[in-house]
Amino acid sequence: MSHLKFIFIAIFSLIFWAGFAQETHNYYDQIEKIDYDLSNNDPYKAIQKMDKMAEVYFNEEDIYFARGLVKYYMMDIYGARDDFKKYIELGFKIETGWLKAIISDQFLVDLFTEHYYDTGKLYPENGYKKQYTIRDSLQGALRPERTCFDVYYYDLTVKIMPKTKSISGNNNIYFNTLASTNKIQIDLSDNFIISSIKFEGKELNYERYYDAIFIDFDKPLLSNHRYKITISYSGKPRNAIRPPWNGGFVWGKKRSKHWVGVACEHLGASSWWPCKDHLSEKPDSMTINVQVPSKYQAISNGNLQSTYAIENKYTNYKWHVSYPINSYCVTFYMGDFVNFNEKYINSNGSYNIDYYVLPHNLKLAKEYYKQTKEIVEVYEKLFGEYPYKEDGIAMVESPYEGMEHQSAIAIGGDYGKSKRRNYENKDYDYLVVHELAHEWWGNTVTMSDMADAWISEAFATYSEHLFMEEKLGYKEYLNATADNMSMIFNIWPVVGNSDVNDNTFVGGDIYHKGAAMLNNLRCIIDNDTLFFNLIKKFYNAHKFQTITSDDFINFVNEETNMDLTDFFNKFLYDKEPPILEYEFRNKYGNFEFTYSWINVGSNFTMPFSLMINGNECLRVVGTSEKQTLKLKSVNTFILPNEFMYDESCLIKNSFTYFWTSWKQ
Ligand SMILES: [Zn+2]
């Protein structure tokens, strides 16, 4: 389906609306001509006519609005902003959110702040980042008290008390020292009481600074030795505000039964259990005992090893994870669940897929989860075998939207009924497609700092698009790509600040712009075999590790034999995308198009698409140097973007994300 017409009709109707108040014939006639240009894929003529109108009717704010709109749809964002500002200067009272969003970063930042932060306004002086505190550094940075040891096993027990919305428990932390030390840092939210920290039968002294616990040993621990400490604690965990993004505990109820869960990415696992709460830390395996009132069940990561009654009508569910796991992926679900399962068979053997759902949703869930195997199959083909075969896959109905908890994925999206962000093909729900992708990206290949959280979200989002391509073809990939591009905000660089537990989720560019970056990378490489091998090789070279953005950049540069540093600098470290600056002449169809990328490093090279006469597309490669393209028999042209494109015409690996600037 072509999206060109739809956009131009939308623009026309707005222009028509804008011109409605005008009584003069002439004004009305000109608007009709502009509409003609737009519906003939010639926004340039339309803009030139509007320029002339602006000279005559310079006090008519509607002209600026209409011209701004056309420029916006051409991705000339600076041009659009100038026109919209003029529109407002001339007296139009700005009401609509989307117009405010185009003009003002602050407007968007304020919206995001409401969603992602509890309090506080963010200002441009700080790059719209919060004022980091000691608390953030204690959580986000690696001091010697953390780098001196490496956890290899956690044995955690947590008792869930829904009546009082509180928990109590203990964690046996097994670690290997990497340097001799008499002090280590463990993390636990300061709203918990610590009853004891024990080592070799004796209680240890400790000091708490915010959410960090500095534990003292009487004698220095030797380097390269294994030790174990046990921390016992209790208290009320933080309630989630907007899980999973503003996380914590969700004390839900359904049909008068408790339904409890926790999502704590970015907030940190130390919001509910004591651990070395830094993304660079993954234990090799973990045991999770969850104790719940006996009429409920507790589902957690890995495999259920045993279930036994304990005191006061409570039951202990002992789960075991046989692989490295991120602390934010450790979770539990308490509720009244029914279970069904299936076997996934591949060429190496088989593993279990378990589903835990609320009883009244059983029928719906069985229908809904028919997609799971198909999704896993695609990801195994693209990236490699499912990484947690021993633990199997599980999907658990959660009292919040969703979260990629390793081998116990939270799925709370009312089984696709909402269709909130669904694909054109209704057989697949983005929630399952997205969260499953995280088992490879995020859970297995993990960022070592929140600054690099795009490694998890960009790859998971891009995996959705690759899944679409595998199942529904390249055209559907292009539609998913365009849809994704339209959600980019460009307020913050994709890579955030290191060592401060930066909330890089805010605004969502780590998802959408990150995925667009991967699409653009594929377009630059312009060799799908090489690109898909590159992604698969990168995954397999880094699985079960924690990595940084540089690890990816260096890997791509080496594998492709290209120096893409300026490309990555632009898309990961700069807040705005590259701008294609261009001018053109067209004399009786003899078309000369001069173009270059601006606001980029001197080594920046990226293709873009050029559509001529409304039906023919070219793949053109731009650099930071001006180049001129000469074509014959050209009547009209556009630069396809997320608002204006025709997926049946686009040339492979030409549809990239960028802004434009037409030098008239
Ligand atoms: Zn995600």
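The values are calculated or read from the model by the stated rules, or taken from the named source; none is laboratory data. For clarity, every value in this text was computed on a predicted model and none was experimentally measured. Heads up, the Cβs are rebuilt from the backbone with ideal geometry, glycines too, and the neighbour counts pull from every protein chain shown.
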Practice problem: Hey, could you check segment 478-510 for residues that are within 29 Å of Met644 (Cα to Cα) and touching a Gly at 6+ places or on another chain (Cβ under 7 Å) and say which is surrounded by the most Cβ atoms within 10 Å (Cβ to Cβ)? | Solution: Val494
Self-check item: Criterion: of a type in the set (A, V, I, L, M, F, W, C), outside the structural domain of Trp272 (by TED's automatic domain parsing), over 23 Å from the mean Cα position of the chain (by Cα) and more than 30 Å from Gln297 (Cβ to Cβ) - qualifying residue of Leu122, Leu178, Leu111, Leu99
Solution: Leu99
Quiz item: How many of the residues in segment 599-616 are farther than 20 Å from Leu521 by Cβ and assigned to a strand (DSSP E or B)?
Solution: 4
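Could you tell me whether segment 450-461 includes any residue that is outside any strand (DSSP E or B), more than 16 Å from the ligand (Cβ to nearest atom) and either in contact with a Leu (Cβ under 8 Å, 6 or more places away or on another chain) or free of Cβ contacts under 8 Å to residues at least 24 places away in the same chain (or both)? First the steps, then the outcome.
Keep residues of segment 450-461 that are outside any strand (DSSP E or B), which gives 450-461.
Those still in the list that are more than 16 Å from the ligand (Cβ to nearest atom) too: 451.
Okay, now just the ones that are also either in contact with a Leu (Cβ under 8 Å, 6 or more places away or on another chain) or free of Cβ contacts under 8 Å to residues at least 24 places away in the same chain (or both), so none.
No, segment 450-461 has no match at all.
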Quiz item: Pick from Tyr351, Tyr415: which is away from the ligand (no atom under 16 Å from the Cβ) and assigned to a helix (DSSP H, G or I)?
Solution: Tyr415
Quiz item: Ala541: among the small types (Gly, Ala, Ser), touching a helix residue (DSSP H, G or I) at 6+ places or on another chain (Cβ under 9 Å), assigned to a helix (DSSP H, G or I) and without any contact (Cβ under 8 Å) to a residue 60 or more places away in the chain, yes or no?
Solution: yes
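In the list Leu138, Leu156, Leu122, which residue meets the criterion of being among the hydrophobic types (A, V, I, L, M, F, W, C) and assigned to a helix (DSSP H, G or I)? Can you show your working first?
Working: Leu156 fails: assigned to a helix (DSSP H, G or I); Leu122 fails: assigned to a helix (DSSP H, G or I).
The conditions single out Leu138.
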Practice problem: Check Leu156, Leu142, Leu178, Leu138 and return the single one that is under 28 Å from Ser448 (Cβ atoms), loosely packed, with under 15 Cβ neighbours inside 10 Å and modelled with pLDDT of 95 or more. | Solution: Leu178
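Residue by residue, here is whether (1) modelled with pLDDT of 95 or more; (2) within 24 Å of Ile535 (Cα to Cα); (3) among the hydroxyl-bearing types (Ser, Thr, Tyr) holds:
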{"residue": "Ala394", "(1), (2), (3)": "yes, no, no"}
{"residue": "Glu397", "(1), (2), (3)": "yes, no, no"}
{"residue": "Ala408", "(1), (2), (3)": "yes, no, no"}
{"residue": "Ser418", "(1), (2), (3)": "no, no, yes"}
{"residue": "Leu436", "(1), (2), (3)": "yes, yes, no"}
{"residue": "Leu466", "(1), (2), (3)": "yes, yes, no"}
Exercise. Report yes if some residue within segment 277-284 is more than 25 Å from the chain's Cα centre (by Cα) and within 17 Å of Asp150 (Cα to Cα); otherwise report no.
Key: yes
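Residue by residue, here is whether (1) within 15 Å of the ligand (Cβ to nearest atom); (2) more than 22 Å from Asn301 (Cα to Cα); (3) basic (Lys, Arg); (4) touching a Phe, Trp or Tyr at 6+ places or on another chain (Cβ under 7 Å) holds:
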{"residue": "Tyr388", "(1), (2), (3), (4)": "no, no, no, yes"}
{"residue": "Ser398", "(1), (2), (3), (4)": "yes, no, no, yes"}
{"residue": "Ser407", "(1), (2), (3), (4)": "no, no, no, yes"}
{"residue": "Glu439", "(1), (2), (3), (4)": "yes, no, no, yes"}
{"residue": "Lys475", "(1), (2), (3), (4)": "no, yes, yes, no"}
Quiz prompt | Single residue of Val445, Val433, Val376 found to be touching a His at 6+ places or on another chain (Cβ under 7 Å) and over 24 Å from Phe249 (Cβ atoms) | solution = Val445
